[in-house]
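Step one of this worksheet: look at the structure below.
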Amino acid sequence: MKVFSSKRRAVALAGFILLALFVLRPGASRLKSRIITSISTAVGRPVDIGAVHIQVLPRPGFDLDNLVVYDDPEFGAEPILRANEVMAALRVTSLLGGRLEISRLDMTEPSLNLVHNPTGRWNLEALLEHSSQIPLAPTRKGKTEARPGFPYIEVTSGRINFKSGAEKTPYALTNADFSLWQDSENAWGVRLKAQPVRTDLNLSDTGLLQVNGTWQRAQTFKDTPLQFTVEWSRAQLGQFTKLLRGNDKGWRGTIQLDAEMAGSPANLRISSSGWIDDFRRYDIKSGKALRLGAHCDGRYSTVTHDFHEVLCSSSVGNGLITLTGEMGLAGSHHFAVMVRAVNVPMGAVMVLGARAKKNVPDDLETDGILRGNVSMQEDAAAGEPLRIKGGGAISELRLASVANKADISLDSVPFSLTDGQSDRAVRRERNRSKRAELRVPAGPHLEIGPVEFGPGKGAAANIHGWINRDGYKLALIGEIEMAKALRLGRMIGLPVWASSPEGTAQADLQLAGIWSGLSGSASSGFVGPQLTGTAKLRNVKVINREFGGSIEIASAEMQLSPQQVNISKVNAKAAGALWTGSLQMPRGCGIACPMSFGLNANQITLGQLSEWLDPSARKRPWYRVLDSSSQRGPSLASVLHVSGHVTADQLIVHGVAAKHASANIRLQDSKLRISDLNADILGGKHEGEWTADFSGKQALCKGNGKLSGVSLESAEKLENDRWIAGLANASYELSGQCFAEFWKTADGTMRVDLREGTFPRVVIGDDGSPLRVTRLSALANLHAAQLEIKDAKLDSPDGKFTLSGTASFKRDIDFKLAPLAASGSGGTSYAITGTLASPQVAPLMAPVQAKLKAPPPGK
């Protein structure tokens, strides 16, 4: 019993001591130097520790504060490693032998600096060389092994910074989980999982980088046998380009990169594959998902920093694109490669184009075969400039789109790639012979064409262009059939007219653009191509699909500058009129551009103009030219912004011809204003102003104006219905619904002043002569398609009268002509009824006033 009690007391005492050590965690400053020596021996670098605390549970060891591992002065004064919290676990078997040996180092959120100095060496190279020279046992060494073992090093949530000399680059790896151990007597292993970032940019979705590898003992780093696998997965393409180049290039997709490396740094065999899933431009959401992929093999040497025996290939449909040769690192300007395209189907190329270019038709079908090869070489260190030579052709190219009613075939589209220095004179002569002179850039570029683009009927044009790393430019020179040219433009995604005009144009056009339209860190949109140059239109007919009318352009000259479109020398026919003049509008805002114009017509007939704008508006009475039986959806008035001056040699309204008509017109924000509406009409003149508001459900029109010196007899001659004659001045103010039978809904007033006039069919005297008017002054109210006249003053040789009553637009009349007191008219009033063509005049009995009879005399 005493023995058993003694054991219990010993166990309790040991437990109490362990608990006290766990709670109190006493300092271990006397062991600090031994710990520093142990870690320094393992990594081969000076080490410093801020403080050491003993840890008993969960395993014996030490908590190290502010661990610092200094770097070789060759790579700078900043430490290679800094960790605020480190747990150093002791190897229990070494304690039994009276030695202090660290078996494991666990670091939380440490910072590691990887430095590349100007001589081309990395600071890790010296660490690897040191590890191959020190007599450390493997991490999992045997129990009887007397040598200290290499500790298992594990990093959680660390950060790895990359430096170039003393300067820290913006590239880093964050959330890094890292493990390092000695796998066997002569081999070490490493694992890394981290997220690539840039410290100067706000990035997300840069993917996950994973590295697994081993290396063996060697005297020098370049001879170290190693084997690594690298995987970079789930990186978003836009963030990937922003990480590497500093800005988002506007491309989207998910990147996967895999690489295997084996050999030594002096002769490293590399096999890699990469692909992009769902490749597209950032603003293209529809279309078939596209995968781009390639596989590359080669050898790399850290001694020469060159890749040798490079072979990259990518299958494209049933064709193949390959790259072979040798090259240095990016920026070394040292390479000699050959690129070949063998039987690449253009259908597959167009799928790529549809994911990179907006507005390509969904039903576009492409046939043809691409073949070519290009060699490129440069050695800046040896003073050899860039040399590029090669070319090829696209044979039997066919583009077809049912939606665009287009089917275009080209026998061959030649291309050549050049450095821009050699054979310039030869190219200039070739361009001149093809009538497609185009200034090519001085640097490396791809030249396309010339390509014959002639639709027959004597038309002949050609296309020639170039593409380089910054942008592209295409020239089209010669006579073209406009319908075919516009269909081709729509099929390749260019913003062109929706109509298909008939006719030809003598064109000298250039289409140019740049590849990147993104600024800063945000996707601000690709800059679209810009079309500039001149085109002389001849016998072109345009169907106005918006309204149904057509425009026949006998001739016009169009000039496209980067800022503006000018159409001059217009000679066209539309709405039954011959038009001349010019138009101008800025570029880049489409149909909403503020357009200005100056146009003249030989003769504008209001009825024909109404039918041209609205085919449903067939023959109507003249007073219904503003009517519309139906609204067909949003009007162009809601988007158009036009202003200008229009003149007409003759303006015809219901057979009434107004000469020398002119007006200023402005349409903006669904509001139309016609000001300074002047014309010579019926021997007199008209001045007025009209407005229309199209912003509501019903368009509202409002106008005012005045007529002076108008011959009413001339107006009646046009109708062969002479019911009035004389000279008149008039003014009006009217308003109503523009598109709901204006004259039925119009309200307003009219003032008329007639002098020396005659009503040939109105007879009020006994002599049978027509009513003559010295002066007629009247105010008429218009409402519900009726004119109402109240107390108009009529001076006549027969007397002075007042005129009142109504007249309708159906020419029905109901007037009363009453004499003024002491007018000398005999006191007779008249009723004038019937119609204007056949008025009925009837006298009205004058009222009899009763008089009192005088009383007899004397009463």
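The values are calculated or read from the model by the stated rules, or taken from the named source; none is laboratory data. Everything quoted here is computed from the prediction, not taken from an experiment. Quick reminder, even Gly has a Cβ in these numbers, built from the backbone with ideal geometry, and neighbours come from all protein chains shown. Each accessible area value is taken on the protein alone, full model and side chains, heavy atoms only, with ligands, DNA and RNA left out. Shrake-Rupley method; radii C 1.70, N 1.55, O 1.52, S 1.80 Å.
Miscellaneous remarks
- The residues His305, His686, sorted by heavy-atom accessible surface at 1.4 Å with ligands and nucleic acids left out, run His305, His686 from largest to smallest.
- The apolar share of the surface of the range 327-383, taken as the fraction of accessible area on carbon and sulfur atoms (1.4 Å probe, ligands and nucleic acids excluded), comes to 58 percent.
- Rounded to the nearest Hz, the phi-derived 3J(HN,Hα) couplings of the range 682-691 under the Karplus curve 6.51 cos²θ - 1.76 cosθ + 1.60 (θ = phi - 60°) are 6, x, x, 9, 10, 9, x, 8, 10, 10, where x marks glycine and proline.
- With a Förster radius of 35 Å applied to the beta-carbon distance between Ala842 and Ser675, the computed FRET efficiency rounds to 0.15.
- Computed E for Leu352/Asp278 - FRET, C-beta separation, R0 22 angstrom, nearest 0.05: 0.95
- Less than 5 angstrom separates the built amide H of Ala699 from those of Cys738, Phe739, all sequence-distant by 5 or more or on a different chain.
- Violating pairs (Cα-Cα greater than 25 angstrom) within the set Lys285/Lys473; Lys702/Lys810; Lys790/Lys810: Lys285/Lys473
- Those residues of the range 327-369 whose amide nitrogen sits under 15 Å from the label point placed on Lys285, 7 Å along Cα→Cβ: 359
- Between Arg34 and Leu329, the simple label model (points 7 Å from Cα in the Cβ direction) yields a spacing of 4.4 nm.
- Here the label points at Ala294 and Glu78, each 7 Å from Cα along the C-beta direction, are separated by 3.3 nm in the simple model.
- Sequence-distant aspartates and glutamates (8 or more away, or on other chains) whose Cα lies within less than 20 Å of Lys706: Asp676, Asp680, Glu687, Glu689, Glu716, Glu733, Asp747, Asp753, Glu756, Glu788
- Full extension of the segment from Ser808 to Val342, taken as 0.36 nm per residue of separation minus the current Cα-Cα distance, would add 159.4 nm.
- Among the protein heavy atoms, those of Val342 account for about 80 Å² of accessible surface (1.4 Å probe, every chain in place).
- Residues Glu452, Glu689, ordered by accessible area of protein heavy atoms at a 1.4 angstrom probe radius and largest first, appear as Glu452, Glu689.
- Between Ser711 and Trp515, residue separation times 0.36 nm minus the direct Cα-Cα distance comes to 63.8 nm.
- Heavy atoms of His333: accessible area, 1.4 Å probe, square angstrom to 10: 100
- Between Lys405 and Ser695, the C-beta separation translates, for a Förster distance of 41 Å, into a calculated FRET efficiency of about 0.65.
- Simple spin-label estimate for Lys536 and Val56 in nanometres, 7 Å along Cα-Cβ: 10.5
- When Lys405, Lys685 are compared by accessible surface with a 1.4 Å probe, the order from highest to lowest is Lys405, Lys685.
- Positive contributions from Lys and Arg (+1) and negative ones from Asp and Glu (-1), summed over other residues with Cβ under 14 Å from the Cβ of Val773, come out at +1.
- Fully extended contour minus Cα-Cα distance, from Ser662 to Asp508, at 0.36 nm per residue: 51.9 nm
- Accessible-area value, Glu85, 1.4 Å probe, nucleic acids and ligands omitted, Å²: 120
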